[in-house]
Amino acid sequence: MNAFVIVALLGAIAGLSMVLGGIWLVAKGLITMAATPKADALTIEWKKQFRINTQVPGLAFFLVGLMSITTSLVFLKPSDADPIEFEGQIRGIEGQVSILVRPSNWILNGDSATGRISGNVYPDFSFLVLSINAPGYEPLNKQVRVNLTGQRIANLGMVELRRSPVSESDLTRQIAPIPFSSPSLATTRAPTFGAPL
């Protein structure tokens, strides 16, 4: 939990204590919900943009407390896409490296009798699977743990790919044969312009 979350939680707790404290003060009779004279009205103003004016002082405890709770909940709402930082090094690669990042397996069951798929998936990004590919090397799948407290960091460490063994028979199978035909006499003559020979 970082400092921002702690401050937002403290704001929510302070707002809740104001609301509960206001209820307790009303129950004890220390403040009333009855209207007071206009001269005793309670006014709260913020930067000349927001102003609350009430003749019921007990209501102010509830309003300020609810505003504090609402503000804290807005700030505590998780963002839609928190970035994940990756750190690490790939050693000894001579070409371009491509890395595909995907979440660890999320399982969704289907009914074998009807073929219907239904269920829920709760996204969990605490583990990610990286598929690392480079030309001439064997692909590598590596699972990494994401640090979920504070900054979201996935540490890959040192990654080494093994060269893929290539045999001569694999190369000859990949080369398509081209049919060879001997050149005809017509193509070996010099071209003529005008009348045929």
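Each residue of the stretch 46-53 is assigned a 3J(HN,Hα), and the resulting list reads 10, 6, 6, 10, 10, 9, 10, 10 Hz, derived from the Karplus form 6.51 cos²θ - 1.76 cosθ + 1.60 (θ = phi - 60°), x at Gly and Pro. Amide H contacts of Ile90 (H built 1.01 Å from N, in plane; Pro and chain starts excluded): Val159 sit under 5 Å, all sequence-distant by 5 or more or on other chains. Heavy-atom accessible surface of Ser131, to the nearest 10 Å², is about 20 Å², with a 1.4 Å probe and all protein chains retained. The candidates Tyr122, Tyr137, arranged from most to least accessible area with a 1.4 Å probe in the full protein assembly, appear as Tyr122, Tyr137.
For Lys142, Lys77, write out the residues from largest to smallest accessible area, computed with a 1.4 angstrom probe and no ligands counted. Could the numbers behind the result be given before it?
Numbers: Lys142 60, Lys77 140 Å².
Greatest to least solvent exposure: Lys77, Lys142.
For Thr32, the accessible surface of its heavy atoms amounts to roughly 70 Å² (probe 1.4 Å, protein chains only, rounded to the nearest 10). Under a 5 Å amide H cut-off, with hydrogens placed 1.01 Å from N, Val146 pairs with Phe127, Leu128 among residues at least 5 apart or on other chains. Accessible surface of Ser68, taken over heavy atoms with a 1.4 Å probe and every protein chain present, rounds to 30 Å².
The values are calculated or read from the model by the stated rules, or taken from the named source; none is laboratory data. For clarity, every value in this text was computed on a predicted model and none was experimentally measured. Heads up: the accessible areas ignore ligands, DNA and RNA and are worked out on the full protein's heavy atoms, side chains in. Shrake-Rupley method; radii C 1.70, N 1.55, O 1.52, S 1.80 Å.
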